[in-house]
Amino acid sequence: MTVRAGREFLAIPGPTTMPDEVLRAMHRPALDIYSKQMTDLTDGIMSDLAKLFATKGKTYTYISNGHGAWEAVLSNVLSRGDKLLVLESGRFAVGWGNAAELMGADVEVLKGDWRRAVRPHEVEERLRRDKEHKIKAVVVVQVDTASGAYNDIEAIGKAIKAAGHPALYMVDAVASLGCMPFEMDKWGIDVAMSGSQKGLMTPPGLGFVAANDRALEVHKTANMATPYWSWSEREGTEHYRKYAGTAPVHLLFALRQAIDLIHEEGLENVFRRHRLLAEAARRAVAAWSEGQVLGFNIAEATERSDTVTTVTMNNGHDPLALQRYCKEKCGVVLGTGIGDLQGQAFRIAHMGHVNAPMLLGTLGVIEVALNALKIPHGKGGLEAAVAYLGAEVEA
Ligand SMILES: *Cc1c(COP(=O)(O)O)cnc(C)c1O
């Protein structure tokens with residue numbers, strides 16, 4: 001017996017649930033890529049992306065996933081042998097660093113921990129010790145999608161300033177752009193990158209990069225550049241060059257629609273919705289954790305992301321069994337524990353196209369699974385989430 005008829009619900013942190021409007025936006029013929037319609041579409045998207053990153057800098061759109069956008073950033077501002085400082089808080093900044101190493105950079109990881117966010121004072125201390133300014137760039141993620149950590153990007157930016165260090169500040173906003181506040185210029189970020197398939201509710205396949213004047217200046221002499229990623233190759237008035245070839249027309253239709261939905265709702269409301277739904281999820285996890293099996297991966301409450309919650313499972317309980325039950329019996333797909341947390345955690349995504357019934361339904365299904373599998377847990381998780389939303393979402 002199952003209760004999973006109907007549409008399966010994807011509660012994984014990317015690719016995320018796409019609104020029907022976004023799916024429908026792609027159901028049409030392509031455009032003449034040399035038409036005014038095409039250039040208007042591109043110009044609108046580029047300027048809206050700059051607003052999402054909150055920058056006066058330039059934006060670039062690649063036909064790639066997040067890994068591609070990482071490579072775009074690195075190849076445009078680094079030269080072979082340049083030192084790169086990676087701020088660890090889980091899997092993704094380290095992954096970005098691994099790419100840099102393969103490309104010929106000298107990579108140093110500022111050791112972090114899967115259970116916590118980056119400590120800004122440790123960044124400042126490391127940069128102060130780099131008296132000869134060997135470090136050319138610092139990379140960090142706003143949200144680590146594996147650990148569930150939220151890094152205070154503004155505070156890290158201030159730490160870099162306080163150290164008086166000229167390294168470029170480069171931030172991965174793949175799991176947070178369009179979900180949580182991001183202020184590229186105000187926070188002193190030189191390069192930011194993201195992707196289409198998480199908070200932006202669009203199919204995987206678009207990578208975004210924003211660069212300020214300082215980064216564009218460094219780019220002029222950087223020697224890792226290759227033609228497809230190169231910012232200078234994408235300049236000029238010829239539209240074709242903006243994508244280094246044929247535009248990903250349908251993905252752009254989808255993205256246009258997704259950004260329109262964000263505008264319709266209002267970015268501030270989008271942020272608030274994410275905050276409220278994330279906190280509702282956390283209320284449930286906090287209640288369940290009283291059973292001594294489930295727990296938050298991120299120890300400090302203020303360091304937990306509003307886009308994904310990583311829940312650990314111990315005492316010999318298998319998160320995969322829970323995930324299997326949720327999917328096969330109830331039609332809810334949870335995120336799996338990855339990297340250091342493989343086999344030890346599951347993830348609840350609450351990013352992008354997510355509302356109260358989706359989130360409460362997901363939490364309810366997890367509670368059904370905890371009961372069915374006889375996994376010890378504190379009672380009243382779903383109730384706590386419901387009570388929280390009832391108190392916070394004013395009538
Ligand atoms: C998903 C993700 C990436 C990688 O993006 P892909 O599209 O899977 O290549 C990078 N950084 C973060 C923070 C992510 O969540």
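Condition first: part of a helix (DSSP H, G or I), open to solvent by less than 40 Å² (accessible area, probe 1.4 Å), within 14 Å of the ligand (Cβ to nearest atom) and not assigned by TED's automatic domain parsing to the domain that holds Gly352. Can you find one or more residues in segment 45-68 that meet it?
Yes.
Name the one entry in Arg282, Arg272, Arg241, Arg214 that is surrounded by fewer than 17 Cβ atoms within 10 Å (Cβ to Cβ), in contact with a strand residue (DSSP E or B) (Cβ under 8 Å, 6 or more places away or on another chain), assigned to a helix (DSSP H, G or I) and not hydroxyl-bearing (Ser, Thr, Tyr).
Just a single option satisfies the conditions, and that option is Arg214.
Of everything in segment 121-175 that's within 16 Å of the ligand (Cβ to nearest atom) and over 23 Å from Val209 (Cβ atoms), which residue is surrounded by the most Cβ atoms within 10 Å (Cβ to Cβ)?
In this case the residue turns out to be Ser147.
Within segment 183-199, can you find the residues that are within 11 Å of the ligand (Cβ to nearest atom) and either over 24 Å from Ile156 (Cα atoms) or assigned to a loop (DSSP other than H, G, I, E, B) (or both)?
Passing the criteria: Ser196, Gln197, Lys198, Gly199.
Does Asp260 satisfy being open to solvent by 50 Å² or more (accessible area, probe 1.4 Å) and touching a Gly at 6+ places or on another chain (Cβ under 9 Å)?
Criteria not met by Asp260.
Checking Ser89 against (1) assigned to a helix (DSSP H, G or I); (2) surrounded by 15 or more Cβ atoms within 10 Å (Cβ to Cβ): exactly one of these is not met. Which one?
Condition not satisfied by Ser89: (1).
Residues that are assigned to a helix (DSSP H, G or I) and under 21 Å from Ser194 (Cβ atoms): does segment 132-154 have at least one?
yes
Report yes if Gly95 is within 16 Å of the ligand (Cβ to nearest atom) and outside any strand (DSSP E or B), otherwise no.
The answer is yes for Gly95.
Any chance segment 20-29 includes a residue that's among the acidic types (Asp, Glu) and more than 25 Å from the chain's Cα centre (by Cα)?
Taking every residue of segment 20-29 in turn, none turns out to be among the acidic types (Asp, Glu) and more than 25 Å from the chain's Cα centre (by Cα).
In segment 226-265, what residues are over 26 Å from Asp32 (Cβ atoms) and over 25 Å from the mean Cα position of the chain (by Cα)?
Thr226, Ser232
Would you be able to say whether some residue in segment 187-195 is within 20 Å of Gly68 (Cβ to Cβ) and open to solvent by 50 Å² or more (accessible area, probe 1.4 Å)?
no
Hey, among the residues in segment 319-347 that are part of a loop (DSSP other than H, G, I, E, B) and not aliphatic (A, V, I, L, M), which one's most open to solvent (accessible area, probe 1.4 Å)?
Checking each candidate, the answer is Gln342.
Which condition from (1) at pLDDT 95 or above; (2) under 30 Å from Gly364 (Cα atoms); (3) open to solvent by 40 Å² or more (accessible area, probe 1.4 Å) is the one that Thr16 breaks?
Tallying (1) at pLDDT 95 or above; (2) under 30 Å from Gly364 (Cα atoms); (3) open to solvent by 40 Å² or more (accessible area, probe 1.4 Å), Thr16 fails exactly one: (3).
Lys36 is checked against (1) more than 16 Å from the ligand (Cβ to nearest atom); (2) touching a residue at least 40 places away in the same chain (Cβ under 8 Å); (3) in the same structural domain as Thr202 (by TED's automatic domain parsing) and fails just one. What number does that condition carry?
(2)
Between a first residue in segment 102-119 that is assigned to a strand (DSSP E or B) and a second residue that is open to solvent by 60 Å² or more (accessible area, probe 1.4 Å) and not aliphatic (A, V, I, L, M), which pairs have beta carbons less than 7 Å apart while being 6 or more apart in sequence or on different chains?
Val107/Glu101
Of the numbered conditions (1) within 16 Å of the ligand (Cβ to nearest atom); (2) closer than 30 Å to Glu300 by Cα, Met18 satisfies every one except a single condition; which is it?
(2)
The values are calculated or read from the model by the stated rules, or taken from the named source; none is laboratory data. All values derive from a computational prediction rather than experimental measurement. Glycine also receives a Cβ, built like all others from the backbone with ideal geometry; neighbour counts cover every protein chain displayed. Areas reflect the complete protein model, heavy atoms only, side chains present, ligands, DNA and RNA absent. Shrake-Rupley method; radii C 1.70, N 1.55, O 1.52, S 1.80 Å.
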